[in-house]
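For reference, the structure is listed below as C-alpha cells.
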Amino acid sequence: MKFVMVVVLVSLGLPFAGMASTPASLRMITDATGRHVALPPGIEHVICSGAGALRLLTYLECQDRIVAVDDMEVHRAQFDARPYALANPQFKTFPVFGEFRGYDHPERILTLDPLPQVIFKMASATGSDPDELARKTGIPVVVLLDSDLGRRRSDLFSSLRIMGIVMDQTQRAEVVIAFFENRIRDLENRTAGIPDNRRPGCFVGGIAYRGPHGFQSTEPGYPPFAFVNVRNLARNDEDRSQPLSNSSIAKEKILVWDPDYLFLDLATLQMGDQAGGWHELRTDPAYRSLSAEQSGRVFGVLPYNWYSRNFGSILANAYFIGKRIYPEAFADIDPVEAADRIYTFLVGAPVFEKMNTAFGRLVFQPVPLQ
C-alpha cells in the first residue's frame, strides 16, 4: 500500500511560480514516484499532461480548474470513446500547452493566462521529464502513475488520493475509490458461486494500444473477464511471468481455442471498412469457421483503451458480459442503464448513447458478420 505524505511548511518569501511574492503557507506532498513537491495553497488553476491525467481530474469533479489541454483534447476525430471528454465538450475550446502522451511545450505553458499553479503529469516512458519541466517552467509538477483495475488497482487509488490532496478533494477521491471497489465486489459476488464447468471460454479482440489494432490484439488480464469469472483463453494462469497487458495472439491459437464467446473491442473500427477486427471476422474464412461466429455469439464492447484505460467503460463492459453469459445472475441489470449510471457518477453525464452512435450502434449488440 502506498502512503501519501503531506507536510505544511511556512514560506520564507522565496519566489514560487504561480504565487504572490508575499509569504504564504506551502504544502509539501510526496507524489506517486516519491518526489517531494512544494505546493501553494488554494489550487485553482492546473493542467494535466499525459494519457489519463485529465480523466482522473474529471473523476474528482475538478475539470473546471484547467487552463489548457494537450492536443488530444482538441483533436476532432470520427470516433471518440473517452467518456470524460464526451461529457466535457468545452475541452476542445481551451488553449493547447503541448502534444499528447506528455510531450509538453514549456514555452507555451508560460504564456497561459492564468498560469497553472500545478502540473499533473502521468508517468510515462515518453514525454517530458517532470523535473526538467518543473525547472523550465518554475511550476510544481506532481507525477501520477498509469494504472489499471487489475494488478495495478492500488496505483489508480494512490493517484486519485494524491490528486485529491492537491485539489482539496480528498473526500471525493475516497468516494470514487469506494465506487470502484463496490462495483467490482458486486460483479465478483454475482458470479463467485458459478462452477468451473459453467465458465465459458472467451476471447476479446481488437483492443487498441497506442492506436487501433486488428482482432489478434487482446489483453490476457482483461478486467471485465476477471470480474465476472469467465475464462479468458488468452490468459495462462500457470505462467506467472506472462504479461497481462496488451498482447498479440497468433490466429492459429484462436482457432484451436474455438472460444464459446467472442467480443470485439470497437476501437478497431478506427481502421476503416477494409481493415481491423470487424473486417477480419467478416472476411477471413478461418475466423468464419469459429463456433462463436456460426452461432451468433460475437458481440461489440466499449473501447478499453482510448488515451489510456477507460475505467468506467471497463465496469460497463463487465456488466454487459456478465448479463450475456450469466443472465440469471444479472437478471436485475440493464447494461445500457448500468453504463450510464457509471458514467454519470464518474464524469457527470450519461454518454453511452454518444459512443454507441459513433460506433455504428454496435455496442452491446451482436456484431453483424454477413
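Only the coordinates and a few stated rules stand behind these numbers; no lab work does. Note that the structure is predicted; figures quoted are calculated from it, not measured. All Cβ positions, glycine included, derive from the backbone under ideal geometry; neighbour counts span all protein chains shown.
Per-structure values
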{"read-out": "Two-decimal Rg to Rh for segment 6-168 - Kirkwood Rh, Cα set", "value": "0.95"}
{"read-out": "DSSP beta bridge pairing in segment 195-358, given as percent antiparallel to the nearest 5", "value": "25 percent"}
{"read-out": "Cβ-derived FRET efficiency at R0 45 Å, S25 paired with K251, nearest 0.05", "value": "0.15"}
{"read-out": "Extension gain from E188 to Q171, taking 0.36 nm per residue of separation minus the Cα-Cα distance", "value": "3.5 nm"}
{"read-out": "Length-normalised contact order for the chain - Cα pairs under 8 Å, 6+ apart - percent", "value": "15 percent"}
{"read-out": "C-alpha center-to-center spacing [segment 60-78, segment 122-140] in angstrom", "value": "19 Å"}
{"read-out": "Ellipticity estimate at 222 nm from DSSP helix runs (n ≥ 4, -39,500 (n - 2.57)) divided over the chain, nearest 500", "value": "-9000 deg cm²/dmol"}
{"read-out": "Cα pair count fraction exceeding 17 Å, expressed as % - segment 313-370", "value": "40 percent"}
{"read-out": "Gained length - E61 relative to R35, 0.36 nm times residue gap less alpha-carbon distance", "value": "6.8 nm"}
{"read-out": "Fraction of the pair-distance distribution of segment 75-193 above 24 Å, Cα-Cα pairs, percent", "value": "42 percent"}
{"read-out": "Spin-label model distance (nm) - R135 vs Y209, 7 Å beyond Cα toward Cβ", "value": "3.4 nm"}
{"read-out": "Per residue convex hull volume, Cα atoms of the chain, in Å³", "value": "135 Å³"}
{"read-out": "Of F320, F227, F330, the one that fluctuates the most in a GNM where the chain has Cα springs shorter than 10 Å", "value": "F330"}
{"read-out": "Segment 6-168, relative contact order [Cα under 8 Å, separation at least 6], %", "value": "25 percent"}
{"read-out": "Unit charges on C-beta of K, R, D, E only; dipole of the chain, Debye", "value": "260 debye"}
{"read-out": "Span-rule helices in the chain, defined as complete DSSP H runs reaching 30 Å or more along the axis (Cα) with Kyte mean at least 0.5", "value": "none"}
{"read-out": "Centroid-to-centroid separation of segment 256-293 and segment 141-205 [C-alpha atoms, Å]", "value": "29 Å"}
{"read-out": "Computed lengthening from L369 to A178, 0.36 nm per intervening residue step minus Cα-Cα distance", "value": "64.8 nm"}
